[in-house]
Amino acid sequence: MWDYSDKVIDHYRNPRNVGKIDNADAVGTAGSLACGDQLKIYLKINNGIVTDAKFQTFGCGSAVASSSILTEMIIGKSIEDVKKITNKDIADQLDGLPPEKMHCSVMGYEALEDALKNWDDYTDLDDLRNENKESSDKIVCTCFGVTENMIWDAIKTNGLKTVEEITNYTKAGGACGRCKNAIQDIIDTYYKKESEESTLSPAQKILKINNIIENQISLELKKDGGDITLVDIQGDKVMVKLRGKCSGCKNSHLTLKAFVETTLKETVDPNIEVVEVQ
């Protein structure tokens, strides 16, 4: 039995803003009856502000609760603020959802995104979905109609790292399972790309080390009358000179390793070794 928060139960039993808006300025849908869940959201927008929102949904209690709280989250908000809402925000507003029900919050996010895409004044989708554009229409899970881009977004927003987590958030792989290898390939590609983008060039690494030493480490040491100077960098070896009260202190080795080296490992590169020179 899944453990639901009081908010989920409240919004399921007493859903807000249920219904349809005639002459809505934007309408969006997500899911499908064939998959077991479907959501349709209606928006009234005036001068860039969502003045009203209603929904119709067919699905479980988590789907109803996610849709209900989403309408409360967006009414009175500017389009710019609404664009920033993610499925994680929806789940957080409900004080969490069971992992197996996170796809309900994703469905709310996708319906909202679809509504904004269909709004005449909302044409720039780059800030919502600016990666993997070339594969945005490629369906990975044919059982539930989940696209590669939907999986990519779920990974990016929620930090998902396993096929099981992808299934919980998007339903992809939850039926026949034939797409699980493709899902794993997407996960691997995402984190490979993230790793490549986070890799510093030698010049960037030197600048970052120097910046951390001058603006973080040195300032902390000065509080106790000490200081530090960067002498040289050779690969992962960072040579420094301790000054002030830190110079010749019986705890200088502890300062060097437990503070200086640890700080640089955490902020720049875990392979860094700090060496004191005289």
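The values are calculated or read from the model by the stated rules, or taken from the named source; none is laboratory data. Quick caveat, the model's predicted, so the values are computed rather than measured. Every residue, glycine as well, gets a Cβ built from its backbone with ideal geometry; the counts of neighbours run over all protein chains shown.
Anything in the range 220-236 that is loosely packed, with under 13 Cβ neighbours inside 10 Å, under 37 Å from the mean Cα position of the chain (by Cα) and part of a strand (DSSP E or B)? List them, or say none.
Correct list: Gln234 only.
Within the range 263-278, how many residues are at pLDDT below 90, surrounded by 13 or more Cβ atoms within 10 Å (Cβ to Cβ) and among the hydrophobic types (A, V, I, L, M, F, W, C)?
Looking only at that region, the number is 1.
Would you mind finding the one in Gln184, Gln216 that is outside any strand (DSSP E or B), under 30 Å from Asn149 (Cβ atoms), at pLDDT 85 or above and not β-branched (Val, Ile, Thr)?
After applying the criteria, what remains is Gln184.
Filter the range 161-191 down to residues that are within 19 Å of the chain's Cα centre (by Cα) and under 10 Å from Val140 (Cβ atoms), then give me how many there are.
5
Condition (residue is surrounded by 14 or more Cβ atoms within 10 Å (Cβ to Cβ) and either in contact with a Lys or Arg (Cβ under 6 Å, 6 or more places away or on another chain) or in the same structural domain as Trp152 (by TED's automatic domain parsing) (or both)) applied to the range 237-259: is it met by at least one residue?
Within the range 237-259 (the criterion being surrounded by 14 or more Cβ atoms within 10 Å (Cβ to Cβ) and either in contact with a Lys or Arg (Cβ under 6 Å, 6 or more places away or on another chain) or in the same structural domain as Trp152 (by TED's automatic domain parsing) (or both)), the answer is no, since none of the residues qualifies.
Condition check ((1) at pLDDT 90 or above; (2) crowded, with 17+ Cβ neighbours inside 10 Å) across all residues:
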residue: Gly36; (1), (2): no, no
residue: Lys40; (1), (2): yes, yes
residue: Phe58; (1), (2): no, no
residue: Ala65; (1), (2): yes, yes
residue: Lys84; (1), (2): yes, no
residue: Leu94; (1), (2): yes, yes
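Give Thr189, Thr162, Thr199 a once-over and let me know the one that is in contact (Cβ under 8 Å) with a residue 12 or more places away in the chain and either assigned by TED's automatic domain parsing to the domain that holds Ile228 or more than 21 Å from Ala63 (Cα to Cα) (or both).
So the residue among Thr189, Thr162, Thr199 that is in contact (Cβ under 8 Å) with a residue 12 or more places away in the chain and either assigned by TED's automatic domain parsing to the domain that holds Ile228 or more than 21 Å from Ala63 (Cα to Cα) (or both) is Thr162.
Determine if the range 101-120 includes at least one residue that is surrounded by fewer than 16 Cβ atoms within 10 Å (Cβ to Cβ), more than 24 Å from Phe58 (Cα to Cα) and at pLDDT below 90.
For the range 101-120, residues surrounded by fewer than 16 Cβ atoms within 10 Å (Cβ to Cβ), more than 24 Å from Phe58 (Cα to Cα) and at pLDDT below 90: present.
Please go through the range 151-160 and give me each residue that is at pLDDT 90 or above and farther than 18 Å from Leu97 by Cα, ordered by number.
Ile151, Trp152
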